[in-house]
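Only one structure is covered here, and it is reproduced in the block below.
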Amino acid sequence: MCTDNTPAATVHPQVLHDFDPGVVFDLEPVDAVTVTTLMDNVTDVFMPDQGPARRPPAVSRARLRVATMEGGDAPDPLLAEHGFSVLVTVVKNGAEHHLLFDAGTSPDGVVENMRRLEVDPASIEAIVCSHGHFDHTAGLDGLIRRLGGTVNLPVLIHPHFWRRRRVAFPGRDHLEIPSTSRSALTGAGFDVVEEGHPSFLFHRSVLVTGEVPRTTGYEPGFPPQQAWLGGRWEPDPLVLDDQALIVDVRDKGLVVITGCGHAGVVNICRYARRLTRERPLYTVLGGFHLNGPLFEPLIPRVLDDLAALAPSVIVPAHCTGWRAQHAMGARFGEAFVPNTVGTRFLL
């Protein structure tokens, strides 16, 4: 859930939530990583290749029956929605592994884009959900149906993932956020792994951050959010289930993938370096949650702190917002790469 219609705020209370992860993780470098965008807010058939980004064909080879067209068909286009999902493929020592990070908003959007992009859902070896909001999880429904039978896959989540939540905007009706059913996932055969601390996948090739410390002091989480706790609605602004992925590409540095970035994209990138002996930041990709009047005042400070981390590739997506995207394009030059559904990033 990434919509913010709250009035503009000029001052945020300081947000601090720090802890010691207790260990520095020996994340092993991989030879390459490919990130394929299965779902995002935007498609654009005219977007050119840029740097590591390879765009899908402008006209799909697949055809869709359309009775109003001469010949009775038209190209079968990729779908966009207010959601996020990427397929992450890591290559190390000749071995290739695939994981799904988030699953989009609609039940069938991601699996339909998999079909159009010729991605085999059966190739997925693990799923990581960045957090519990439905625009990152509802597509698990379609994946279950597409795979059929029992889905024998691990799903990595934070324990707060299941929380019943709502957004409370002043002067407006409260809006409950649809939440994922634990029984539906376990009943489908998923091996649900709940961890608040960092964890590895694929023989130390991928690190899931778990809960992210909030150390910048100015990245506020999602202030309108409340959770049903102890029989009543309580403030739940930090979205502590927000987690990210980290991959270390040999001779280049860290690839950090966020879902919405509710923890704050600067907090996430700094924590990724803290967990990995201060490895340099190579790429940051995903939702940075800088849209709407509550978050847009943060844009200059976020860009300053991201610039200090010196990423070679920066790909703001999903809930980043158009004002932040324009500011990043002006600030980061060729390092800024717009995302579109179907784009493959060869990193």
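Values computed for the structure shown
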{"read-out": "Per-residue HN-Hα couplings for region 108-124 [Karplus 6.51, -1.76, 1.60; θ = phi - 60°; Hz; x = Gly/Pro]", "value": "10, x, 5, 5, 5, 5, 4, 4, 5, 8, 6, 9, 7, x, 5, 7, 6"}
{"read-out": "Mean ellipticity per residue at 222 nm, deg cm²/dmol - from DSSP H runs of n ≥ 4 across the chain, formula -39500 (n - 2.57)", "value": "-4500 deg cm²/dmol"}
{"read-out": "Estimated dipole of the chain in Debye, rounded to 20 [Cβ of Lys and Arg +1, of Asp and Glu -1, Cα centre]", "value": "140"}
{"read-out": "Built amide H within the under 5 Å cut-off of PHE169, gap 5+", "value": "LEU175"}
{"read-out": "Accessible surface of the chain, 1.4 Å probe, proportion on carbon and sulfur as whole %", "value": "53"}
{"read-out": "Heavy-atom accessible area per residue - the chain, 1.4 Å, Å²", "value": "41"}
{"read-out": "Amide H contacts of VAL206 (H built 1.01 Å from N, under 5 Å, at least 5 apart or other chain)", "value": "LEU201"}
{"read-out": "Accessible area (Å², 1.4 Å probe, nearest 10) - GLU96", "value": "110"}
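The values are calculated or read from the model by the stated rules, or taken from the named source; none is laboratory data. A quick note: this is a predicted structure, and the numbers were derived from the prediction, not measured. When we count neighbours, we look across all protein chains shown, and the Cβ atoms used for this are built from the backbone with ideal geometry, even at glycine. Each accessible area value is taken on the protein alone, full model and side chains, heavy atoms only, with ligands, DNA and RNA left out. Shrake-Rupley method; radii C 1.70, N 1.55, O 1.52, S 1.80 Å.
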